Amino acid sequence: MELRKTGKRVVSLNSAGGSRNVIFLYPFGHHMALRAELDLADFMNSLDLHKLGSGGFPVVLDSAGNAINYPKEVAPGEVREAGLWRISKTALASLSSGSAEFEDSLGAKFLGAYAPIPEIGGTVIIKQPKEGAFRYALFMKKEAFYLVLVFVLLTVIAAWLLSRNLSRPITELTEVAADVAAGDFSRVVNVTTADELRDLAETFNNMVRRLKIYSEMQVDRIIREQKNTEAVLFSTEDAL
């Protein structure tokens, strides 16, 4: 009747005869329906559920909060009170997935995630000890701290090398300029960078070469004038 009314897929849970079956009805043509029946117990037993991490495991609850499937490694006592967990009550009443922290009857703290199974009115919950759940997060936080520390250290080293490469040509240019000012024209600036500092160094070296030529010319002129003066002085006696 619901299929005829809505024209959409209908899923229902049938518990008659002591067995629990899920009935699927699909529209098939104009006046027909395709009916599929699934034995819930056989289906749950076919699921390959395993424990997760350290102490975590999934558990499937029916609409009454009873555990109908869980990993074989989990003792039945661990899920006997699954319907009493606070997260179980929230999950059975919820229409969407979610997560929450909760405690069992012994006061142990857990972190859980759940997703509803509307076809059977149940839910699936993944339960994991809180310490184990946050252990990886704490590990990642520690690793992130070390990564940030390494990044800062590499940044400081890179900044030091960059500043050194930038200041070295300027320092060398200053030292050579001081030597040139003292009269030493044999020094040149060696800059290997491909930027404006290299152009400045080449211009400075050209200036030093011109100053050297000019200085040599002036020295030659002074020596020549000195010799002329000496010759005049030496020949003054003869002239007198």
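The values are calculated or read from the model by the stated rules, or taken from the named source; none is laboratory data. Every value quoted in this text rests on a predicted model; they were computed, and no experiment measured them. Every residue, glycine among them, receives a Cβ derived from its backbone with ideal geometry; neighbour counts consider all protein chains shown. Side chains are part of the model used for accessible areas, which takes the heavy atoms of the whole protein and leaves out ligands, DNA and RNA. Shrake-Rupley method; radii C 1.70, N 1.55, O 1.52, S 1.80 Å.
Figures for the structure shown
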| quantity | calculated |
| --- | --- |
| Residue with peak Gaussian network fluctuation, the chain [Cα springs, cutoff 10 Å], from Ala64, Ala182, Ala133 | Ala182 |
| Farthest toward positive dipole pole in the range 114-231 [+1 Lys/Arg, -1 Asp/Glu at C-beta], among Thr203, Ile157, Ile120 | Ile120 |
| Most fluctuating residue given options Gly183, Gly55, Gly121, as computed from a GNM of the chain linking Cα atoms under 10 Å | Gly183 |
| Of all accessible heavy-atom area on the chain, the percent that carbon and sulfur account for (1.4 Å) | 60 |
| Met207 - accessible surface, heavy atoms, 1.4 Å probe, Å² rounded to 10 | 90 |
| Across Lys89/Lys141; Lys51/Lys141; Lys89/Lys109; Lys8/Lys89; Lys51/Lys142; Lys72/Lys127, pairs whose alpha-carbon gap is larger than 22 Å | Lys89/Lys141; Lys51/Lys141; Lys8/Lys89; Lys51/Lys142 |
| Choice from Ile125, Ile213, Ile23 with maximal GNM fluctuation in the chain (Cα, 10 Å cutoff) | Ile213 |
| Only Lys, Arg (+1) and Asp, Glu (-1) charged, at Cβ; the range 118-240 dipole about Cα centre in debye | 1120 |
| Projected label distance in nm at Ala231 and Glu37, using a 7 Å step from Cα toward the beta-carbon | 13.8 |
| Over the chain: helical MRE at 222 nm, DSSP H runs n ≥ 4 each giving -39500 (n - 2.57), nearest 500 | -17000 deg cm²/dmol |
| For the range 55-196, accessible area per residue (1.4 Å probe, heavy atoms of protein chains only), Å² | 64 |
| Virtual spin-label span in nm between Glu131 and Leu25, 7 Å along Cα→Cβ | 5.3 |
| Entry for Cα extents along the principal axes in Å (calculated from the structure that is shown) out of [x] 97, 35, 27; [y] 156, 55, 26; [z] 56, 44, 35 | [y] |
| Efficiency of FRET between Met140 and Lys109 - r from beta-carbon atoms, R0 25 angstrom, step 0.05 | 0.75 |
| The range 26-126 - Kirkwood radius from inverse mean 1/r over Cα pairs (Å) | 14.8 |
| Extension gain, Leu149 back to Ser186 (0.36 nm per residue minus Cα-Cα distance, nm) | 8.6 nm |
| Between the range 1-49 and the range 113-136, the alpha-carbon center distance in angstrom | 25 |
| Rel. contact order, % - alpha carbon contacts under 8 angstrom, at least six apart, the chain | 10 |
